[in-house]
Amino acid sequence: MLKQVQVEHPLDPLLRIDRIPHIWCPGCGIGIVLNAFLRALKELNFDMDRLVVVSGIGCAGRAAGYVNADGFHTTHGRPIPFATGVKLAKPYLKVVVFSGDGDLFAIGGNHFIHAARRNIDMLVLCVNNQNYGMTGGQLGPTTPLDARTSTSPYGNIEHPFNLVHLAAGAGAVYVARWTVLHVRRMTESIKKALLKKGFSFIEVISPCPTLFGRYNRMGTGLDMMKLLAERSVVMNFIDPAEAVVDLRDKIVCGEFVDTEKPEYTEMVYRLIREKSGREVTSIVES
Amino acid sequence: MSRRLPEVGGVYIQMEDELASLVVVIGASQAGAKAMTATSGPGFSLMMEQLGLAIMTETPCVLVNVMRGGPSTGQPTKASQGDVMQAKWGAHGDYEIIALAPSSPQEFFDYTIEAFNLSETYRVPVIVLADERVAHMREKVVIPPEDEIKVVSRKKPSVPPEEYLPYGSEELIPPMACLGEGYRVHITGLTHNEKGYPDMSGDVHSKLIWRICNKIRSNAEKIWRYKVIGSERPEATIVVYGSAYRSAIRAFKEARREGLSVALLKIETVWPFPEKPLLDLSETSKGFIVVEMNTGQILREVQRVAGSSRVEFVSQLGGDLPDPRGILTKIRRVLDHA
């Protein structure tokens, strides 16, 4: 007789197990990004009591609710200013914004560019599935030209953002793009960004077979993964302007920016110490 | 504040827009700080979405709205009281809110402290509903020594993290663990259960919404601030709040000089609306004279509470304070019909 044995997954302690199963569809890539994120935390032996995961609205926006750390699920598009508030109150916390392309770059686009400009210490992890998955597959700011979505039934006539180019232009100190198939490189990249002081941005191209894939006749989740494998090419540190995402041609992945500049909360607290003459490291008394 | 806060060990940030301003306040408060933002009409409209987030997540915070003429860009730097109903109903969904209306720089100072104390006590955003007149006014303000200022802070959990329920319903106002304190809370603007997890069931929603309403409704008498000035059994009562009080008190004094039986109800917490003094006054008052710098917002609350009493209205639009003579005319009208 075979004996049934229940074994704990090595990442279980990092998850809110009581919230599993998650809501994501079969073939969706968000779970892979969450896995890479948790792996990165585990490999760094990250203090989970010093981590705050913030999400916005949408499929990727549910990630904060699955991580066994302090988490906040904001209104649509607002995870970055929320994270800014946390960071200003307690600069010793690491804040990670885990959200989607629609949340971060349509309704939340203004907050993204300003947080990058300020160089406030946070990691923004963006799952880019090229559409609004949760609400029925509408076009978003990353939907490719000509692509069909529920709100572009004749093909999209809007030009998409190149997110890594936008992040680099806005002032992010670390910028990378991977697909969900680049699990190891993505994990290493997340580790690097978690240790980096400043505004880091990682975009992960992910399939949405339920909506974007179906509207564009791209086959199953597996077919979409194969497409990512065939089209992606790693070109580290090329000009982000040249780092295109073209599902019909190539998806340029890699690290594009890794630089240093003064971090915002450090400058805020330096000013406070200078003007108040007190050794303030957080405005919240512990 | 950008000059003063760093000097006293506080953080100031100017955000990219008013949406972000209130979210950054919510983030700082969730991390344990006392945080506030200030704006005027259009910015207040932009904040409504985040006001709802603060209400739903029960995040203590303070918003100052210096009311000006609206809608839209309206009358920048002209006084108005046009946002009173917006303060109560501006965000979608059912909720209760606290709003204080100062009529002088001293009250502006005092009510801002009070706003923080109320928001920490009830875990609700508190609005200081000022207007352009009082915001630009220069008057003597007495700032008491720090140790004489009453400061209230949110109740913290007394149980270890594994036993803590962020939205436990044992108390109307659950104790609040903050981010970075090891409680590993999950907070969401979605309808949530006692653990803080999203839960779309009707029961959970109903229980949550009734609790966030009842924590204010059942404590309304403790929250209300108002003053009744003048006759104990008046035949006519002026009802006023905010800087329109300055016109009303002049009219009141004039009426008393003429020997008229008149009182003045100065409402300091416009929300929750103090019903009790109005009910008491309606026992003797033949009528009420509501004075507002809008087309009639608190007027409807007075009509609702005052029942069959006669209610006269003095409306002032355009940016000036109401003319006391207009108020006096309405007082005489009420008394003539008495």
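Just list whichever of B:Lys207/B:Lys276; B:Lys34/B:Lys150; B:Lys155/B:Lys215; A:Lys226/A:Lys250; B:Lys140/B:Lys266 have alpha carbons separated by over 18 Å in the model shown.
On the way: B:Lys207/B:Lys276 27 Å; B:Lys34/B:Lys150 15 Å; B:Lys155/B:Lys215 14 Å; A:Lys226/A:Lys250 13 Å; B:Lys140/B:Lys266 21 Å.
Over 18 Å apart, Cα to Cα: B:Lys207/B:Lys276; B:Lys140/B:Lys266.
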Using only Cα atoms, find the angle between the long axis of helix B:202-217 and the longest principal axis of chain B, and express it within 0 to 90 degrees, rounded to the nearest 10.
50 degrees
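I'd like to compare A:223-233, B:57-67: which one has the highest average count of other Cβ atoms within 10 Å, and what's the full order after that? Please report the intermediate quantities before stating the final value.
On the way: A:223-233: 16.5, B:57-67: 25.7.
Descending packing order for the listed peptides: B:57-67, A:223-233.
Partner chain Cβ atoms within 10 Å, averaged over the residues of B:2-9 - can you pull that number for me? Write out the running numbers ahead of the final one.
Details: counts 0, 1, 1, 5, 10, 6, 5, 10.
Whole-number average of other-chain Cβ neighbours for B:2-9 is 5.
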Mind giving me the nanometre distance, one decimal, between the label points for A:Arg184 and A:Asp146, set 7 Å out from Cα along Cα→Cβ?
3.5 nm
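Once a ≥ b ≥ c are taken as the square roots of the eigenvalues of the Cα gyration tensor of the range B:76-208, is the result rounded (a/c under 1.5), prolate (a/b larger than b/c) or oblate (a/b not larger than b/c)?
Numbers: a/c = 3.40, a/b = 1.63, b/c = 2.09.
Oblate, because a/c is 1.5 or more while a/b does not exceed b/c.
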Once label points are set 7 Å from the Cα along Cα→Cβ at both A:Asn45 and A:Asn236, what is their separation, rounded to one decimal in nm?
2.6 nm
Per principal axis, descending, Cα span of chain A in whole Å
64, 59, 33
Full-stretch length increase - B:Glu221, B:Glu283 - with 0.36 nm per residue and alpha-carbon distance subtracted
20.4 nm
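As a check on your grasp of the helix formula, calculate [θ] at 222 nm for the protein assembly as shown: sum -39500 (n - 2.57) over DSSP H runs of n ≥ 4, divide by the residue count, round to the nearest 500. Kindly include the intermediate steps, with their values, before the conclusion.
Values: 19 runs with 207 residues, N = 624.
Helix-only estimate at 222 nm: -10000 deg cm²/dmol.
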Would you mind checking the range A:63-102 for residues with the amide N under 17 Å from a putative spin-label position 7 Å along Cα→C-beta of A:Glu279?
A:92
From the phi angles alone, apply the Karplus equation (6.51, -1.76, 1.60; θ = phi - 60°) to the range A:141-158 and give each ³J(HN,Hα) in whole Hz, x where the residue is Gly or Pro.
x, 10, 5, x, 4, 6, 5, 8, 9, 5, 10, 9, x, 9, x, 6, 10, 9
Quick one: net charge of B:Ser29's neighbours, Cβ under 12 Å, K/R +1, D/E -1?
+2
Unit Cα scatterers, Debye sum, the range A:75-185: log10 I(q)/I(0) for q = 0.17, 0.20, 0.21, 0.22 Å⁻¹:
-0.85, -1.09, -1.17, -1.24
P(r) of the range A:8-151 over all Cα-Cα pairs, binned every 10 Å from zero, in whole percent:
12, 42, 34, 12, 1
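In the range A:139-214, which trypsin sites (Lys or Arg not before Pro) are in a loop and have at most 12 other Cβ atoms within 10 Å, using DSSP for the loop call? Could you put the intermediate results ahead of the total?
On the way: sites: A:Arg148, A:Arg177, A:Arg184, A:Arg185, A:Lys191, A:Lys192, A:Lys196, A:Lys197, A:Arg214; in loops: A:Arg148, A:Lys196, A:Lys197.
Counting only loop positions with at most 12 other Cβ atoms within 10 Å, none of the trypsin sites (Lys or Arg not before Pro) in the range A:139-214 qualifies.
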Pick out which of A:Gly133, A:Gly198, A:Gly169 has the largest mean-square fluctuation in a Gaussian network model of chain A, springs linking Cα atoms closer than 10 Å.
A:Gly169
For the range A:141-286, just the Cα atoms, rotate onto the principal axes and tell me the three extents in Å, largest first.
64, 31, 31
Counting other chain Cβ atoms within 10 Å of each Cβ in A:152-163 and taking the mean gives 0
Peptides B:16-29, B:154-167 ordered by average Cβ neighbours within 10 Å, highest first:
B:16-29, B:154-167
Inter-probe distance in nm under a simple model that places probes 7 Å from Cα toward Cβ, at B:Glu275 and B:Lys155
2.5 nm
Specify the residue with the greatest mean-square fluctuation among A:Ile205, A:Ile32, A:Ile23, computed from a Gaussian network of chain A linking alpha-carbon atoms under 10 Å apart.
A:Ile23
Loop-located chymotrypsin sites (Phe, Trp or Tyr not before Pro) in the range A:139-201, at most 14 other Cβ atoms within 10 Å (DSSP):
A:Tyr154
Given R₀ = 25 Å, what would the calculated FRET efficiency be for B:Gln303 paired with B:Cys213, taking r from the Cβ atoms and rounding to 0.05?
0.65
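Over all residues in A:64-71, what is the mean tally of Cβ atoms on other chains that come within 10 Å of each residue's Cβ?
Details: counts 3, 8, 1, 2, 2, 5, 13, 7.
Neighbouring Cβ atoms belonging to other protein chains average 5 per residue here.
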Explain nothing, just compute: Karplus ³J(HN,Hα) = 6.51 cos²θ - 1.76 cosθ + 1.60, θ = phi - 60°, for every residue of the range B:31-39 in order, whole Hz, x for Gly and Pro.
7, x, 8, 8, 9, 8, 9, 9, 7
The size of the Cβ-based charge dipole (Lys, Arg +1; Asp, Glu -1) of the range A:86-213 about the Cα centre, to the nearest 20 debye, is 700 debye
Bins of 20 Å, starting at 0 and running to the largest distance - Cα pair percent for the protein assembly as shown:
19, 45, 27, 9, 1, 0
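Shape call for the range A:43-113 from the C-alpha gyration tensor, a ≥ b ≥ c root eigenvalues: rounded (a/c under 1.5), prolate (a/b greater than b/c) or oblate? Intermediate results must be reported in sequence, preceding the final value.
Values: a/c = 2.22, a/b = 1.44, b/c = 1.54.
Cα axes put the range A:43-113 in the oblate bin.
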Does anyone have the angle between helix B:41-57 and the longest principal axis of chain B? Alpha-carbon axes, 0 to 90°, nearest 10?
50 degrees
In whole Hz, with x marking every Gly and Pro, tabulate ³J(HN,Hα) for the range B:232-238 from phi via Karplus 6.51 cos²θ - 1.76 cosθ + 1.60, θ = phi - 60°.
6, 10, x, 8, 9, 10, 8
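With the Cα gyration tensor of chain B giving a ≥ b ≥ c as the square roots of its eigenvalues, does the rule (a/c under 1.5 for rounded; else a/b larger than b/c for prolate; else oblate) give rounded, prolate or oblate?
Judged from the Cα gyration tensor, chain B comes out prolate (a/c at least 1.5, a/b above b/c).
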Give the calculated FRET efficiency between A:Asp246 and A:Tyr154 to the nearest 0.05, with a Förster radius of 25 Å applied to their Cβ-Cβ distance.
0.80
Helix A:109-118 axis, angle to chain A major axis (alpha carbon atoms, nearest 10°)
40 degrees
Find how much the distance from A:Met1 to A:Ala229 grows on full extension, using 0.36 nm per residue of separation minus their present alpha carbon separation; answer in nm with one decimal.
78.0 nm
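Each value in this text was obtained by applying a stated rule to the coordinates, not by laboratory testing. Bear in mind that the values here come from a model prediction, so they are computed numbers and not experimental data. Note: ideal-geometry Cβ built from the backbone for every residue, glycine included; neighbour counts use all protein chains shown.
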